[in-house]
Every structure is written in structure tokens, then in C-alpha cells.
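Peer 1: One structure coming up, written as C-alpha cells, with questions to follow.
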Amino acid sequence: MADNAETAEAPVAAANPFGWSLGRIAHALARGDIVFAFGVTGLLVALILPMPTWLLDVSLAMSLTFAVMILMTAIFIEKPTEFSSFPTVLLMATLLRLALNLASTRLILAHGHEGTAGAGKVIQAFAGFVMSGNFVIGIIVFAILVIVNFVVITKGSGRIAEVAARFTLDAMPGKQMAIDAD
């Protein structure tokens, strides 16, 4: 019986010199670390290489969907421990948005002379929605977004520094008492 199994696998191995079968590939992709590695590699490629407009449109749509999924997950969890991977997911979403921002900026600068569709349909539709057809409204909305982002980033950085300092002090109880005494 064992001889039949060995002879049955021999033609498959001879036909595929790399030893990869569809089942092995599916099993490898079922593991989260492989998908994570491919995702990070894809982000790095998107940061370096230019992206065609159709791929940018699809990526922006996926990014918006991903953001809504993260928001819904964060809203509907019962306990914070149910979403313990939130910092990693948030970091990957931020890296994805950074890569897409860089790719869209590259497309706008490279193909802006072709008209509003030079950077893709999603960017064209969003720009038309935000600006409402008026350039002055677009500048005002842009200024408000810049100010809000600056305030959020500044306050967030300060809070992160406070929390990091607190964790550092909590790790050194003897030194903390000396600091509190001052």
C-alpha cells in the first residue's frame, strides 16, 4: 500500500520541479505572517515604484474600506482585549495611507498636465466633492485640514511622550521616589 502512495506522488513531483502545489501555497497563505510579509513588501514597492492610475484607484478604495472596517471593529468590540492587534493594524493602515499619498502625489505631479483625470478617478471625484467646483472653497478646506492635522499630531505626540515617560518611571520605582521627593 505504501508503494502505491509513493508511486502516486512521484509523477506530481516530477511534473513540478519546485515542489509547490496549490494546496501548499494555500496552506502557506493561510498563515497570517506570510500575508503580513507580502503586505509590507507591497507597501515598500508602492513607496518606491510609480503606480498606474487604475491601481491607485483600486488601492484608495481598498484603503477606505479598510479604514471603515477598523472603525467598525473598534466601535463594536466589547472589551479592549478583543482587538489587541489594534496598534499593529493602525500602523499598517498608516503605512498604507502614506504609500498611497506618495503615489498620488507622484501621479499628480507627473500627469497633472493631462487634466483632472491624470491622477485617477477617485482623486478627481474626491477633489470635486471637497472643492464643490470652487477653488476658494478648496483652499479654505485645505487650510482647515492642515490646522486640524497639525493640532492632532502635536497633541498626540505630547501625549505619547507623557505615556512613555510614565512607563519609564514606573519601571524604576526607586528613582521615581527620588524624583517625586524633589
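The values are calculated or read from the model by the stated rules, or taken from the named source; none is laboratory data. This one's a predicted model, so the numbers in the text were calculated from it and none came from an experiment. Here Cβ is always computed from backbone atoms with ideal geometry, including for glycine, and neighbour counts include all displayed protein chains.
Peer 1: Tell me whether region 77-85 contains one or more residues that are modelled with pLDDT of 85 or more, of a type in the set (A, V, I, L, M) and closer than 30 Å to residue 127 by Cβ.
Peer 2: No, because not a single residue in region 77-85 is modelled with pLDDT of 85 or more, of a type in the set (A, V, I, L, M) and closer than 30 Å to residue 127 by Cβ.
Peer 1: Might you let me know whether region 168-177 holds any residue that is modelled with pLDDT under 85, touching a Lys or Arg at 6+ places or on another chain (Cβ under 8 Å) and surrounded by 13 or more Cβ atoms within 10 Å (Cβ to Cβ)?
Peer 2: Among the residues of region 168-177, at least one is modelled with pLDDT under 85, touching a Lys or Arg at 6+ places or on another chain (Cβ under 8 Å) and surrounded by 13 or more Cβ atoms within 10 Å (Cβ to Cβ), which makes the answer yes.
Peer 1: Further question: Kindly indicate whether any position in region 15-38 is under 30 Å from residue 121 (Cβ atoms) and either touching a His at 6+ places or on another chain (Cβ under 9 Å) or modelled with pLDDT of 85 or more (or both).
Peer 2: No, because not a single residue in region 15-38 is under 30 Å from residue 121 (Cβ atoms) and either touching a His at 6+ places or on another chain (Cβ under 9 Å) or modelled with pLDDT of 85 or more (or both).
Yes/no matrix, rows are residues, columns are (1) under 30 Å from residue 160 (Cβ atoms); (2) within 20 Å of the chain's Cα centre (by Cα); (3) in a helix (DSSP H, G or I); (4) not hydroxyl-bearing (Ser, Thr, Tyr):
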site	(1), (2), (3), (4)
23	no, no, yes, yes
37	yes, yes, yes, yes
43	yes, yes, yes, yes
69	yes, yes, yes, yes
73	yes, yes, yes, no
91	yes, yes, yes, yes
98	yes, yes, yes, yes
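Peer 1: I would also like to ask the following. Tell me which of these residue 133 doesn't satisfy, since it passes every other one: (1) closer than 30 Å to residue 107 by Cβ; (2) of a type in the set (Gly, Ala, Ser); (3) in a helix (DSSP H, G or I).
Peer 2: (3)
Peer 1: What pairs can you find where one residue is in region 71-96 and within 29 Å of residue 45 (Cα to Cα), the other is among the β-branched types (Val, Ile, Thr) and surrounded by 10 or more Cβ atoms within 10 Å (Cβ to Cβ), and their Cβ atoms are less than 7 Å apart, with a gap of 6+ or different chains?
Peer 2: From region 71-96, the pairs are 83/73; 83/77; 89/70; 93/70.
Peer 1: From 108, 123, which residue is in contact with an Asp or Glu (Cβ under 9 Å, 6 or more places away or on another chain), of a type outside the set (Asp, Glu), closer than 23 Å to residue 52 by Cβ and assigned to a helix (DSSP H, G or I)?
Peer 2: 123
Peer 1: Of all residues in region 126-137, count the ones that are surrounded by 13 or more Cβ atoms within 10 Å (Cβ to Cβ) and under 29 Å from residue 49 (Cα atoms).
Peer 2: So the count comes out to 2.
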